[in-house]
Amino acid sequence: MSDTNKKCLIAYYSRKGNNYVGGNIVSLPVGNTEVVAKKIKDFIGGVLFEINTVKTYPIDYDETTKVAKDELRKNARPELTDTVKNMADYDVIYLGYPNWWGTFPMAVFTFLESYDFTGKTIVPFCTHEGSGLGSSEQDIKKLCPNAKILSGIAIRGGSIANADNVIQSWLKKQE
Ligand SMILES: Cc1cc2nc3c(=O)[nH]c(=O)nc-3n(C[C@H](O)[C@H](O)[C@H](O)COP(=O)(O)O)c2cc1C
């Protein structure tokens, strides 16, 4: 994927605020997934795109889990603040998200349904607190049947600061 002829987009959803990291509630000024997205950009280049919802989630962790559970139950599609104007230009999309209730936040469902990924490669990366990628890779396959989905990486929120080597060797495997 470090092939310079391939244009890479690093699209991610990440929530700042109180989160559950290593068994404790911590206030994250920058979300875990955003940290990983920026590391990927440092390692391979590409363009960052933050998937953001019009309606923001509560700062409180438990409140957010309730809202997110309800959205999952309703199969909601939260409205996004922004679109990728030139998606056709990108060959590879690194797609980052936290594991929410076993898959990605519903905002990422909205994102994946907003574009035609035919012929593109999607490379998932996820941060989590024990559930790994959950069903997210299968969910991407269902939403983007004409894209090539590479094997994703899952990193625990508390391990991100020490994850540079793991991320770099995963990126190498995608080449
Ligand atoms: C609404 C919500 C649901 C979550 N559900 C799960 C889960 O099912 N499994 C898991 O391992 N972690 C779960 N987590 C923890 C997050 O995946 C983890 O803290 C992640 O690193 C947060 O990334 P972010 O800071 O980029 O948003 C959940 C967190 C939230 C806020």
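Here is how the numbers come out for the structure above:
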{"read-out": "Hits in segment 123-135 - residues which are more than 11 Å from the chain's Cα centre (by Cα) and more than 10 Å from the ligand (Cβ to nearest atom)", "value": "Ser135"}
{"read-out": "Residue list for segment 81-125, filter: of a type in the set (Ser, Thr, Tyr), closer than 21 Å to Gln174 by Cβ and in contact with a strand residue (DSSP E or B) (Cβ under 8 Å, 6 or more places away or on another chain)", "value": "Tyr90, Tyr94, Tyr97, Thr121"}
{"read-out": "Any hit, segment 12-30, residues being away from the ligand (no atom under 11 Å from the Cβ) and either at pLDDT 95 or above or in contact with a Leu (Cβ under 8 Å, 6 or more places away or on another chain) (or both)", "value": "no"}
{"read-out": "Segment 136-175, residues that are among the small types (Gly, Ala, Ser) and either at positive phi or surrounded by 15 or more Cβ atoms within 10 Å (Cβ to Cβ) (or both)", "value": "Ser136, Ala147, Gly152, Ala154, Gly157, Gly158, Ala163"}
{"read-out": "Residue that is in a helix (DSSP H, G or I) and more than 14 Å from the ligand (Cβ to nearest atom), where the choices are Phe43, Phe49", "value": "Phe43"}
{"read-out": "Residue ID - farthest from the ligand (Cβ to nearest atom), chosen from residues in segment 86-114 that are of a type in the set (Gly, Ala, Ser) and within 19 Å of Gly157 (Cα to Cα)", "value": "Gly96"}
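The values are calculated or read from the model by the stated rules, or taken from the named source; none is laboratory data. What you see is a predicted model; the values in this text were computed from it and never measured. Cβ atoms come from the backbone with ideal geometry, glycine included; neighbour counts cover every protein chain shown.
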